[in-house]
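Worksheet: one structure, shown below.
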Amino acid sequence: MNRFPSKEIVEKLRREYPVGTRIELVHMDDPYSKLKAGDQGTVRTVDDIGTIFCKWDCGSSLGVVYGEDIIRKL
C-alpha cells in the first residue's frame, strides 16, 4: 500500500501553500520537535511527497507532513 499522496494532491497542496505563504502550526505529533501549536512560519517549498517545508519564526526548518501534521494559513 502506498501511503504517499497522489500527484493531484501534491499539486493541490502546491496551489494552496505557494512559496511565501504564512502558516500557523495547529498540531504536530513529534516528540523530538521543539515546534508547538501556535508557532508561525513561511512556506519555502512543497516536495514531491507533499511535505510542506517552512522557515519557522522560531528558527526551525522542519517540514509539515501531509496527513499527519495540521497547519492553517494566516
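The values are calculated or read from the model by the stated rules, or taken from the named source; none is laboratory data. The structure presented is a predicted model; accordingly, all values stated were derived computationally and were not measured. Note that we place each Cβ from the backbone using ideal geometry, even for glycine, and neighbour counts take in every protein chain shown.
Values as computed for the structure displayed
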item: Within the stretch 45-61, tally of residues that are touching a strand residue (DSSP E or B) at 6+ places or on another chain (Cβ under 7 Å) and within 19 Å of Val26 (Cβ to Cβ); result: 9
item: Residues satisfying the stated conditions in the stretch 34-74, i.e. assigned to a strand (DSSP E or B), small (Gly, Ala, Ser) and closer than 19 Å to Lys7 by Cβ; result: Gly63
item: Conditions (1) modelled with pLDDT of 95 or more; (2) surrounded by 11 or more Cβ atoms within 10 Å (Cβ to Cβ); (3) hydrophobic (A, V, I, L, M, F, W, C): number failed by Phe4; result: (1)
item: Qualifying positions in the stretch 25-59 - of a type in the set (S, T, N, Q) and modelled with pLDDT of 95 or more; result: Gln40, Thr42, Thr45, Thr51
item: Yes/no for Glu11 being without any contact (Cβ under 8 Å) to a residue 12 or more places away in the chain, out of contact with any helix residue (DSSP H, G or I) (no Cβ under 7 Å at 6 or more places or on another chain) and outside any loop (DSSP other than H, G, I, E, B); result: yes
